[in-house]
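To keep things clear, I will list the structure first and then write my remarks on it.
The values are calculated or read from the model by the stated rules, or taken from the named source; none is laboratory data. Model, not experiment: these values are computed from the prediction. So basically every Cβ, Gly included, is an ideal-geometry build from the backbone, and we count neighbours across all protein chains shown.
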Amino acid sequence: MRTISAIFVAAVLSATPAIAADAPRLTPEQQADSDALRALTKATPVLQMDRVELHPAVKLEGISMVTADARGNIYVIHRPTAPDADPVVVLDATGKVLRSWGKGMYKIPHGIRIDSAGKVWTLDANLSKVFKYTPDGKKILEIDVGGVPDPKREFCGITDVAFSPRGDGHVFVADGYCNGRVIEYDGSGKKVTEWGKRGTGPGEFNLVHGIAVGPDGNLYVADRENGRIQWFDLSGKFLGQRKYGGQFYNVTFDAGGQLWASVHPKGVSLDDEFNVIKFDNATGKMLGRIEGRSHELGVGADGSIYPASRSEQLLVFRPRK
């Protein structure tokens, strides 16, 4: 593993922005860690993409994740405050509402992914449940992950899901907020195995916030509060890691197998210094960035990037033709 040098960190300390009044106070080690990330992102060029803001005829609140199907329809999971509102909303590429569902089923809607068969998977970070639907919202599977260490905490459950490349219908669930593990289930929702624990060592996690299968068939995990990405084979064997510092929020791959994620320094407001990053798969180098908040991250078949703003703002970044 290649780490950021102390000399490189020291070179950017003078450029550190003011810390937000409500941001947590950092130790010197945490500050240096975040400054390392800050230096990397500042040295990365901004990608030239078309920024599109959509305004659907439905109120979206606290958008947690956005993704798209093969037709370019957009699937949003958000956190509505109205009890009669649906947390899952489907739009066409222009933002026209096509359908919605999920009223009364969620406490903290968190993740949404679409598998290769077009089925829609969502996750609740409080209930620690996975729901699988047909594209029109018919529920066909529910997985109650359980094992929540502290039910009194709002965020103490699962975050994301990835799909086995073996064609066996298995899924891998990131159980990250209080636990530090990945759980494998078969196609019927039966638990197969689990691995990982909380910590900072190889194969350990401090908030598993995102998970995805790469073009090499391995599992890539966004270890958020450890500021790194780790990767494993499908049995959970640790294969490698890259540490960037700060917070490493998520991980996803586009149709061409390109790695994307979003990163954020610690100690500053979540409204500031968030960047969606395009990485070199082989070296881990940051190739380009999109400025803006992205709690979770989706990517379309056409290369469009869907950051989740955790607000009412629904943005799409489309490749320029």
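Quick check on this structure: which one of Met65, Met49 is farther than 22 Å from Gly104 by Cβ and in contact (Cβ under 8 Å) with a residue 24 or more places away in the chain?
On the way: Met65 fails: farther than 22 Å from Gly104 by Cβ.
So the residue among Met65, Met49 that is farther than 22 Å from Gly104 by Cβ and in contact (Cβ under 8 Å) with a residue 24 or more places away in the chain is Met49.
Taking the criterion of being over 24 Å from Ile77 (Cβ atoms) and either in contact (Cβ under 8 Å) with a residue 24 or more places away in the chain or outside any loop (DSSP other than H, G, I, E, B) (or both), would at least one residue in the stretch 274-281 satisfy it?
To start, the set of residues in the stretch 274-281 that are over 24 Å from Ile77 (Cβ atoms) comprises 279-281.
Still in the running and either in contact (Cβ under 8 Å) with a residue 24 or more places away in the chain or outside any loop (DSSP other than H, G, I, E, B) (or both): 279, 281.
Taking every residue of the stretch 274-281 in turn, at least one turns out to be over 24 Å from Ile77 (Cβ atoms) and either in contact (Cβ under 8 Å) with a residue 24 or more places away in the chain or outside any loop (DSSP other than H, G, I, E, B) (or both).
Residue check: is Ser269 of a type in the set (Gly, Ala, Ser) and crowded, with 23+ Cβ neighbours inside 10 Å?
Numbers: of a type in the set (Gly, Ala, Ser): yes; crowded, with 23+ Cβ neighbours inside 10 Å: no.
No.
For Ile140, all conditions in the list (1) over 26 Å from Asn73 (Cβ atoms); (2) more than 22 Å from the chain's Cα centre (by Cα); (3) of a type in the set (A, V, I, L, M) hold save one; what is the number of the exception?
(1)
Which one of the conditions (1) among the polar types (S, T, N, Q); (2) under 18 Å from Cys178 (Cα atoms); (3) not in a loop (DSSP other than H, G, I, E, B) does Asn250 fail to meet, given that it meets all the rest?
(3)
Could you check Gly245 against (1) surrounded by 23 or more Cβ atoms within 10 Å (Cβ to Cβ); (2) out of contact with any Pro (no Cβ under 9 Å at 6 or more places or on another chain); (3) on the phi > 0 side of the Ramachandran plot and say which number it fails?
Here Gly245 clears every test but (2).
Evaluate the following for Gly176: is it modelled with pLDDT of 95 or more and of a type in the set (Gly, Ala, Ser)? Before the answer, list the steps.
Values: modelled with pLDDT of 95 or more: no; of a type in the set (Gly, Ala, Ser): yes.
Spelling it out, it is not the case that Gly176 is modelled with pLDDT of 95 or more and of a type in the set (Gly, Ala, Ser).
Look through the stretch 29-79, keep the residues that are more than 18 Å from Leu270 (Cα to Cα), at pLDDT 95 or above and of a type in the set (D, E, K, R), and return whichever of them is surrounded by the fewest Cβ atoms within 10 Å (Cβ to Cβ).
Among residues in the stretch 29-79 that are more than 18 Å from Leu270 (Cα to Cα), at pLDDT 95 or above and of a type in the set (D, E, K, R), the one surrounded by the fewest Cβ atoms within 10 Å (Cβ to Cβ) is Glu53.
One line per residue, one yes/no per condition, for (1) more than 19 Å from Glu291 (Cβ to Cβ); (2) without any contact (Cβ under 8 Å) to a residue 12 or more places away in the chain:
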residue: Leu219; (1), (2): yes, no
residue: Arg224; (1), (2): yes, no
residue: Ile229; (1), (2): yes, no
residue: Phe232; (1), (2): yes, no
residue: Lys237; (1), (2): yes, yes
residue: Gly245; (1), (2): no, no
residue: Phe248; (1), (2): no, no
residue: Ala255; (1), (2): yes, no
residue: Ala261; (1), (2): no, no
